[in-house]
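Undergrad: Supplied in structure tokens, the structure appears directly below.
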């Protein structure tokens, strides 16, 4: 009987040593805490236990809490998740460059990426090290121009369906909330281009179980991210009603994509010449990709990359399109310039062709200015894997690096009059002289967005169809308020009127 307490004591000591070993690197971050207390480094207000978390009462605060420090001219600042987990926000090209020019891993814990893993697995967005480098090489051919070129036909078809929906919903002259129809359209595009799956997604809407699952998963992620207990403990979250629903929806999303993957794999095995006769999509490349050793992606890796591409490719592009439509409505003179260019490029044609993209000059400038003011992904993060120094300040391994893209794009020490909408900022001779790290809507460096050309082409086609068919007008009574979620959203939606052009 005496041996039992002794055994338990040994277990307790071993557990304590394990956790101290795990958390010891974080103790080095206390040096930053003291630097902040001494006001030698700019920082957000601190609480002795909760760090900077009391400053974050909603997702709106994630955008605006940095502004006083940024306006003061600081190129970076400190804040804390609790008493020992330091975060460093970099908000100027001089400090952003230190981070994005490397292949530092995404910060899993503390920055929200870990919340996505049960849904999208360990694909390109979340993977690190050799796995990320290998899979990035294998997936890069999926975004070659020769692969992207045939997608333009799909973009046109999806855009026509979207404009028909908008026309019906605005028949009475009212305003329509555009985020949801934009999301259905980009999801339709992703399913057709990545999986060759077509099932009238835009018209069916939530009656399609996969559409419902994707929308509900995004909503549940937002709710969980605002609860600190559920944020850090998937076990506790899994016991809740929302947690059980989240897992059930993840299981359904995985089964949906898995069924398509298995069906395509079987078809390719039964007919090796199939790829010579069909339009090659993202899934075809995933299944057939081989590295220098002749080894392909495992079933789980293909599953993760498909789920990651579906998540990243539709939600971010939907956010971009929604805010671009808002800017069309808010700035009518610029809308007319975009339309005039589209009509000039297309002539009597109604559909965009691949060669048209190179002829467009003003539309890319307009889109980039929209993305400067309303970047689809408002913030990203990295985690230091070694000690570094930025602006003379020592940053130890384990520090979270926060890259608030929204704030970088509106930094008055980087952009003149940043709150004013000026597409001419992106004239080639002007923008070419700028620091490449001042405008990073698709991130930058080795971990930049692999699908940015896919997204930009899709956006150009959608916008072309909309300005050809409608005059877009914003609702003066409902000005959208940007909030930082997984993507940049409007707190109460974006309402616009689409009046058919004569």
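Undergrad: Applying the selection to the stretch 146-175, what residues are touching a helix residue (DSSP H, G or I) at 6+ places or on another chain (Cβ under 8 Å) and within 25 Å of residue 305 (Cα to Cα)?
TA: Matches in the stretch 146-175: 147, 148, 149, 151, 152, 154, 155, 158.
Undergrad: Tally up the residues in the stretch 277-296 that are assigned to a helix (DSSP H, G or I) and surrounded by 11 or more Cβ atoms within 10 Å (Cβ to Cβ), please.
TA: 7
Undergrad: Mind listing whichever residues of the stretch 127-152 are part of a helix (DSSP H, G or I) and surrounded by fewer than 16 Cβ atoms within 10 Å (Cβ to Cβ)?
TA: At the first step, the residues of the stretch 127-152 found to be part of a helix (DSSP H, G or I) are 129-143, 145-148, 151-152.
Answer for the stretch 127-152, where residues must be part of a helix (DSSP H, G or I) and surrounded by fewer than 16 Cβ atoms within 10 Å (Cβ to Cβ): 129, 130, 131, 133, 136, 137, 140, 141, 145, 146.
Undergrad: Return the residue satisfying two criteria in turn: it lies in the stretch 56-79 and is in contact with a strand residue (DSSP E or B) (Cβ under 8 Å, 6 or more places away or on another chain) and at pLDDT below 80, and of such residues it is farthest from residue 414 (Cα to Cα).
TA: So the residue we want is 58.
Yes or no, residue by residue, for (1) surrounded by fewer than 18 Cβ atoms within 10 Å (Cβ to Cβ); (2) out of contact with any strand residue (DSSP E or B) (no Cβ under 7 Å at 6 or more places or on another chain); (3) in contact (Cβ under 8 Å) with a residue 60 or more places away in the chain:
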{"residue": "334", "(1), (2), (3)": "no, yes, yes"}
{"residue": "345", "(1), (2), (3)": "no, yes, no"}
{"residue": "355", "(1), (2), (3)": "yes, yes, no"}
{"residue": "358", "(1), (2), (3)": "yes, yes, no"}
{"residue": "363", "(1), (2), (3)": "no, yes, yes"}
{"residue": "375", "(1), (2), (3)": "no, no, yes"}
{"residue": "383", "(1), (2), (3)": "no, no, yes"}
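Undergrad: Would you be able to say whether some residue in the stretch 215-237 is farther than 15 Å from residue 115 by Cα and within 20 Å of the chain's Cα centre (by Cα)? It would help to see each step written out before you state the result.
TA: Kept after step one, since they are farther than 15 Å from residue 115 by Cα, are these residues of the stretch 215-237: 215.
Filter once more, so that each one left must be within 20 Å of the chain's Cα centre (by Cα): 215.
Yes: one or more hits.
Undergrad: Okay, next question. Say we look at the stretch 106-121 and pick out the residues that are touching a strand residue (DSSP E or B) at 6+ places or on another chain (Cβ under 6 Å) and surrounded by fewer than 20 Cβ atoms within 10 Å (Cβ to Cβ); which of these is modelled with the lowest pLDDT?
TA: By that ranking, first place goes to 110.
Undergrad: Just checking: which of the helices (runs of 4 or more DSSP H) contained wholly in the stretch 404-502 hold 2 or more residues that are over 18 Å from the mean Cα position of the chain (by Cα) and at pLDDT 95 or above?
TA: Working: elements: 405-408, 428-431, 452-469.
Correct list: 452-469.
Undergrad: State all residues of the stretch 348-365 that are assigned to a helix (DSSP H, G or I) and within 14 Å of residue 467 (Cα to Cα); if no residue qualifies, say none.
TA: Once the filter is applied, which keeps residues that are assigned to a helix (DSSP H, G or I) and within 14 Å of residue 467 (Cα to Cα), the stretch 348-365 yields 362, 363.
Undergrad: Can you work out which of the residues in the stretch 368-400 that are under 28 Å from residue 488 (Cβ atoms), in a strand (DSSP E or B) and over 23 Å from the mean Cα position of the chain (by Cα) is modelled with the lowest pLDDT?
TA: 395
Undergrad: Same structure, new question: Taking the conditions exactly as written (at pLDDT 90 or above and farther than 19 Å from residue 314 by Cβ), does residue 289 satisfy them or not?
TA: no
Undergrad: With surrounded by fewer than 18 Cβ atoms within 10 Å (Cβ to Cβ) and either in contact (Cβ under 8 Å) with a residue 40 or more places away in the chain or touching a helix residue (DSSP H, G or I) at 6+ places or on another chain (Cβ under 7 Å) (or both) as the only criterion, which of 417, 435, 474 stands out?
TA: Numbers: 417 fails: either in contact (Cβ under 8 Å) with a residue 40 or more places away in the chain or touching a helix residue (DSSP H, G or I) at 6+ places or on another chain (Cβ under 7 Å) (or both); 474 fails: surrounded by fewer than 18 Cβ atoms within 10 Å (Cβ to Cβ).
Within the list 417, 435, 474, the selection yields 435.
Undergrad: Answer with yes or no whether residue 116 is in a loop (DSSP other than H, G, I, E, B), in contact (Cβ under 8 Å) with a residue 60 or more places away in the chain and under 20 Å from the mean Cα position of the chain (by Cα).
TA: The answer is no for residue 116.
Undergrad: Would it be correct to say that residue 408 is in contact with a strand residue (DSSP E or B) (Cβ under 6 Å, 6 or more places away or on another chain) and over 20 Å from residue 459 (Cβ atoms)?
TA: no
Undergrad: From the residues in the stretch 317-332 that are over 17 Å from residue 498 (Cα atoms) and touching a strand residue (DSSP E or B) at 6+ places or on another chain (Cβ under 9 Å), which one is modelled with the lowest pLDDT?
TA: 319
Undergrad: Could you check how many residues of the stretch 76-91 are buried (at least 21 other Cβ atoms within 10 Å of the Cβ) and more than 25 Å from residue 132 (Cβ to Cβ)?
TA: 6
The values are calculated or read from the model by the stated rules, or taken from the named source; none is laboratory data. All of these numbers come straight from a predicted model, not from anything done at the bench. Note that we place each Cβ from the backbone using ideal geometry, even for glycine, and neighbour counts take in every protein chain shown.
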